[in-house]
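Just so it is clear, none of the values below were taken in a lab; they were calculated from the coordinates. Note that the structure is a prediction, hence the values are computed from the model and not measured. When we count neighbours, we look across all protein chains shown, and the Cβ atoms used for this are built from the backbone with ideal geometry, even at glycine.
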Protein chains: 2
Amino acid sequence: MLQRRDVHNSDIPALCHACEARHRGLCGALDPQQLIALSKTSSRREVPTGAELIGEAELVERYSNVLSGVVKLTKTLKDGRQQIVGLQFAPDFLGRPFKAESAMNAEAVTTVSLCSFPKATVERMMKESPELERRLLNQTLKQLDEARDWLVTLGRKTAAEKVASFLLLIARNIDPTGGSDTRSKAFDLPLTRSDIADFLGLTIETVSRQLTKLRTQGLIRIENNRHVVIHDIARLERRAGQ
Amino acid sequence: MLQRRDVHNSDIPALCHACEARHRGLCGALDPQQLIALSKTSSRREVPTGAELIGEAELVERYSNVLSGVVKLTKTLKDGRQQIVGLQFAPDFLGRPFKAESAMNAEAVTTVSLCSFPKATVERMMKESPELERRLLNQTLKQLDEARDWLVTLGRKTAAEKVASFLLLIARNIDPTGGSDTRSKAFDLPLTRSDIADFLGLTIETVSRQLTKLRTQGLIRIENNRHVVIHDIARLERRAGQ
DNA sequence: TCGTTTCCTTGACGGACATCAACAACTTAG
DNA sequence: CTAAGTTGTTGATGTCCGTCAAGGAAACGA
């Protein structure tokens, strides 16, 4: 695969140069040689909103880094009730190590760009590089922390608190669109009302009503259904029940 | 610390001989030499029901293996609402690697026996033994899977389904008391109604009513409040919504 | 023995959220 | 342009589960 040499990036594959995963993500654990080896079998691609990433056969044997966009992980009961069990933002890792088939579905909720590689390559590298395994362990621990926080939200918070918690979660994970004000924050919601409902264990009607309430009470502003401005983060945090 | 030699267990510390964690738990990753090193700083102890394991100062700097009994991990909102975010059975590992302070409380819900060691020792061994880190990663991934399954239960199941799911969870993790029948299963509930409610995001009254309903419908029998007999596991699984 | 506490069950009632339904604002196809 | 589909909002109504209250059963200490 492509690669070039220059003063500052000797030996790093071109594919990886501007890649966020190389800094904050898993690939940060690899030295230039390993990056080259991995990039030989890796492929970068852009998928549209709604694309199924895991559940279809193609990707079961591949791991991916999320480079941009948002991916939802869902589980579905036999009768169709659905729950989002995780949201992956860049530079998160996608795929369940040490397991052949996935117990969840993964679907792009925005346009998503991915860098993916064969399972076998990653697992071989993990044996050579303890640092890679360490990063994977750390990311898994972080996801476990997040899942447990969300258990509290689903189990013990009211609908109003759930919606406020959701807005704060997104605000923390999406790069805000401009604004130097530390009290306020603006961003585009990556999820539809239906996805938000599936994330919060509510119906779309309840989500809509709670957003309306936050709007009429002056805590947030909503434009074009998707763009949200939080006027006072601290105040919204109080509404989130913690 | 104590150790002895014999034909079958040369060099394995006496402390570890009959230990379940040495087979299915983390210590299975260690060779006899490492076991000896670890056992020099490890201490085994029995704690009574209700003992706080994490949250008190003593244990923050120690990791533990659960050797028997059940530990609940809880989170609490500012106003006191509580949610159990995990149950640890033998031979689970207790403690959050790479983090100084815990974001949760851990409390014994039965008499619990623990084997604990200093954080520093474990983290040093992890660097030497990739196999140890691998086991820790695997256990963390398993806990993440369980937490995500529970998100579905909290977010999308009815009270009746939640209680049925809970009984099945316990049945899977507690050694059943005798009985060769594969359809039925009997065990003692390790949790009070209040704990069950905190696990399911319900009130104790609702838990009690749902248990009564399962009882009157002939799916289970309950003796002395704690002892449960599931008559037909498959039928209960259908009640659990999957 | 009795009182106290803890744990659990059961009933009556109300409220938070789901369900059902109508409609508005956009988008896309023809 | 109109028609049809998608996405979101709002209102009316119902229901599941929380809240409040009373009381039984077992454990424990005085």
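Some values worked out for this structure:
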item: Estimated FRET transfer efficiency when R0 is 60 angstrom, pair residue A:23-residue B:224 (beta carbons, to 0.05); result: 0.55
item: Lys pairs under 16 Å by Cα in chain B, provided they are eight or more residues apart or on distinct chains; result: 4
item: Angle between chain B longest axis and helix B:204-216 axis [Cα atoms, degrees, rounded to 10]; result: 70
item: Along chain A, longest interval not containing exposed GluC sites (Glu not before Pro), exposed being DSSP loop plus at most 14 other Cβ atoms within 10 Å; result: A:102-242
item: Value of relative contact order over the stretch A:157-239, rounded to a whole percent, pairs C-alpha under 8 Å and six or more apart; result: 37
item: Relative contact order (%) - chain A, alpha-carbon pairs under 8 angstrom, separation at least six; result: 17
item: Per-residue ³J(HN,Hα) for the stretch B:191-203, Karplus 6.51 cos²θ - 1.76 cosθ + 1.60, θ = phi - 60°, Hz, x for Gly and Pro; result: 9, 6, 4, 5, 5, 4, 4, 5, 6, 9, x, 10, 9
item: GNM result for chain B, Cα springs below 10 Å: residue of B:213, B:119, B:157 fluctuating most strongly; result: B:213
item: Cα-based Kirkwood hydrodynamic radius, the stretch A:98-141, one decimal, Å; result: 12.7
item: Rg over Rh [alpha-carbon atoms, Kirkwood Rh] for chain B; result: 1.00
item: Only Lys, Arg (+1) and Asp, Glu (-1) charged, at Cβ; the protein assembly as shown dipole about Cα centre in debye; result: 900
item: Helix-only mean residue ellipticity at 222 nm for chain A, each DSSP H run of n ≥ 4 adding -39500 (n - 2.57), per residue, nearest 500; result: -12000 deg cm²/dmol
item: Other-copy label distances relative to residue A:160, 7 angstrom Cα-Cβ extension, nm; result: 3.2
item: In Hz, Karplus ³J(HN,Hα) per residue of the stretch A:150-165 (6.51, -1.76, 1.60; θ = phi - 60°; x = Gly, Pro); result: 5, 4, 5, 4, 6, x, 10, 9, 6, 4, 4, 5, 4, 5, 4, 4
item: Principal axes of the stretch B:14-149: Cα extent on each, largest first, Å; result: 49, 29, 25
item: For the protein assembly as shown, alpha-carbon Rg and Dmax in angstrom; result: 24.2, 77
item: For residue B:24, label point 7 Å along C-beta direction: distances to other copies, nm; result: 3.9
item: Per-q log10 I(q)/I(0), the stretch A:146-242, q = 0.14, 0.15, 0.17, 0.23 Å⁻¹ (Debye; single scatterer per alpha-carbon; no solvent); result: -0.46, -0.53, -0.69, -1.33
